[in-house]
Structures are given as C-alpha cells and as structure tokens.
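The values are calculated or read from the model by the stated rules, or taken from the named source; none is laboratory data. This structure is a prediction, so every number in the text was calculated from the model and none was measured. Every residue, glycine as well, gets a Cβ built from its backbone with ideal geometry; the counts of neighbours run over all protein chains shown.
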Amino acid sequence: MVKVIFESGASEQLRNAIAYLVVEADRLGVQLTRTGLVKLLFLADLRAKEQLGSTISGATYKYYTYGPFAPEIIDAIAEMDGREIVEETRPHPTDTDAQVAYHYAPGKSDLPSEALDANQRRIIREVLHEYGALPLQTLLRHVYDTEPMRDAQPLQVVLNDAA
C-alpha cells in the first residue's frame, strides 16, 4: 500500500479522504457524481465526528443552496484530477446536462489506506454501503435529514472539527 502524499493547496487529510472514497466507490461499483461525492463525504465526516470526535477530511461544511458544501472539496478534486482521480464527463441519461463522475486514476492500483486509520476507512466503507447506491434525490433527503442540517441557516457552518 502507498500513502498518498500531496504537495499543493488542499490539505493532505482532505485529499486522502477523497482518494479513499473514490477508490472504495470504484471497488463497490458505486457511480460517484460531484454532488454524490460531496454528500457521501459529508455523511462520512458526520459519522466520524459522532463516533471519533473529529471528521475524516477536515473540511468545513456550510449550508449552501444545495445543502452542506465545502468549497475546499471542489478545489481538492481539481488538484487531484488526472493524478489521483479522474473526472469523467458524460451525457446525463435523462437530462440535457452532462454528468460528471469520478474514478481512481489509471495506474493508481494501491489504495491510499495507510493515510487513514482503520476507523476512518470503516466509516467510509459503511457510508458507501448504506448510501452509495441510492438515487441522488434519496441521498439528498438523507443528508437534509441529518441533525446539523435540520435547523441550519444559509451559510451557517454545519460541520467541521471545531463545531
């Protein structure tokens, strides 16, 4: 196993969490869209905060128009694209908009598992098993029904390591 080490912008913690989520999603056959990746990482971070006392990614999620969102996740994805993960754009099956999906980069066969501890890896796998195959609208309902989102106000921090 290889520890993924990063040299720029986004935190190593965040990039390793994204890499592991993408690797496990690929392994399980879960199709990860941009929204799905962000929401599944939020659910994994929320569960980690509840069980371990801190998030896996270190991201700060705020309540934006479409639910919990952390801009640093998108920045990390952009930095990782083509190196650790691959962003694939394809036509959406029922819409005129394109759909973006993420996969682990070709040639990156080793899971970045040593970068996360066993409990963090377990939580990501559990979240993927529970929510990964759900239709997006169902996943979003689960996310909006989490405790931090129920009474959240726009732009309020809903999850981070300090909250």
(request) Determine the pairs where a residue that is under 13 Å from SER11 (Cα atoms), located within the stretch 73-96, has a partner that is at pLDDT 80 or above and surrounded by fewer than 19 Cβ atoms within 10 Å (Cβ to Cβ) with Cβ atoms under 8 Å apart, the partner being 6 or more residues away or on another chain. (result) ILE74/ARG34; ALA76/SER11; ILE77/ARG34; ILE77/GLU87
(request) Starting from the stretch 18-37, take each residue that is more than 17 Å from GLY67 (Cα to Cα) and list its partners that are among the polar types (S, T, N, Q), counting only C-beta distances under 7 angstrom and pairs at least six apart or across chains. (result) TYR20/SER113
(request) Within the stretch 39-67, track down each residue that is touching an Asp or Glu at 6+ places or on another chain (Cβ under 9 Å) and either β-branched (Val, Ile, Thr) or in a strand (DSSP E or B) (or both). (result) THR55, ILE56, THR60, TYR61
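Considering only residues that are of a type outside the set (Ser, Thr, Tyr), farther than 13 Å from GLN13 by Cα and modelled with pLDDT of 95 or more, which ones fall in the stretch 54-70?
Matches in the stretch 54-70: LYS62, PRO68, PHE69, ALA70.
I'd like the full set of residues that are farther than 11 Å from ASP161 by Cα and over 13 Å from the mean Cα position of the chain (by Cα), limited to the stretch 27-49. Spell out how you get there, then give the answer.
First pass over the stretch 27-49, keeping only residues farther than 11 Å from ASP161 by Cα: 27-44, 47.
If the condition is that a residue be farther than 11 Å from ASP161 by Cα and over 13 Å from the mean Cα position of the chain (by Cα), then ARG27, LEU28, GLY29 are the ones that fit.
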(message) For the stretch 65-74, which positions are surrounded by 14 or more Cβ atoms within 10 Å (Cβ to Cβ) and over 12 Å from the mean Cα position of the chain (by Cα)?
(response) GLY67
(message) If I filter the stretch 43-50 for residues that are out of contact with any helix residue (DSSP H, G or I) (no Cβ under 6 Å at 6 or more places or on another chain), charged (D, E, K, R), surrounded by 20 or more Cβ atoms within 10 Å (Cβ to Cβ) and touching a residue at least 60 places away in the same chain (Cβ under 8 Å), do I get at least one hit?
(response) yes
